[in-house]
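What follows is one structure encoded as structure tokens, with my remarks underneath.
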Amino acid sequence: MYQSITGFHKDKNDDWVAELVCGHFQHTRHDPPWQNRPWVETIKGRQEKLGSRLYCKKCNEGAPPDEKRQSKEKPAGST
Ligand SMILES: [Zn+2]
């Protein structure tokens, strides 16, 4: 089902991960030409995606919520 994006963080591989309202995480890496998401590389692009929805397979599978291991990205303006 589709879930709204509530935030982003980077995983240990330095890939961007979207945090969904359901508690699941989903990679949103920019890895052209397979995954073309240039917006994820900029703070502005990520903020524009807040509230938009991604399809969450984990919800369909009934997976438990993902655990966050890193602190949330700071708001824009803090470099
Ligand atoms: Zn989910």
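Laboratory data are not the source of any read-out in this text; all were calculated from the coordinates shown. Since this is a predicted model, take the numbers as computed values, not measurements. Positions of Cβ are generated from backbone atoms using ideal geometry, with glycine treated the same way; all protein chains shown enter the neighbour counts.
For residue 31 and residue 55, calculate 0.36 nm times their separation in residues minus their Cα-Cα distance, and state this gained length in nm to one decimal.
Details: separation 24, 0.36 × 24 = 8.64 nm, distance 1.88 nm.
Length gained, residue 31 through residue 55: 6.8 nm.
For the chain, please report how many Lys pairs fall under 13 Å Cα to Cα, leaving out neighbours fewer than 8 apart on the same chain. If you can, show how the numbers build up before the last one.
Numbers: 10/68; 10/72; 10/74; 12/68; 44/74.
For the chain, the number of qualifying lysine pairs is 5.
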Using a Förster distance of 22 Å, the FRET efficiency for residue 21-residue 63 (Cβ separation, nearest 0.05): 0.90
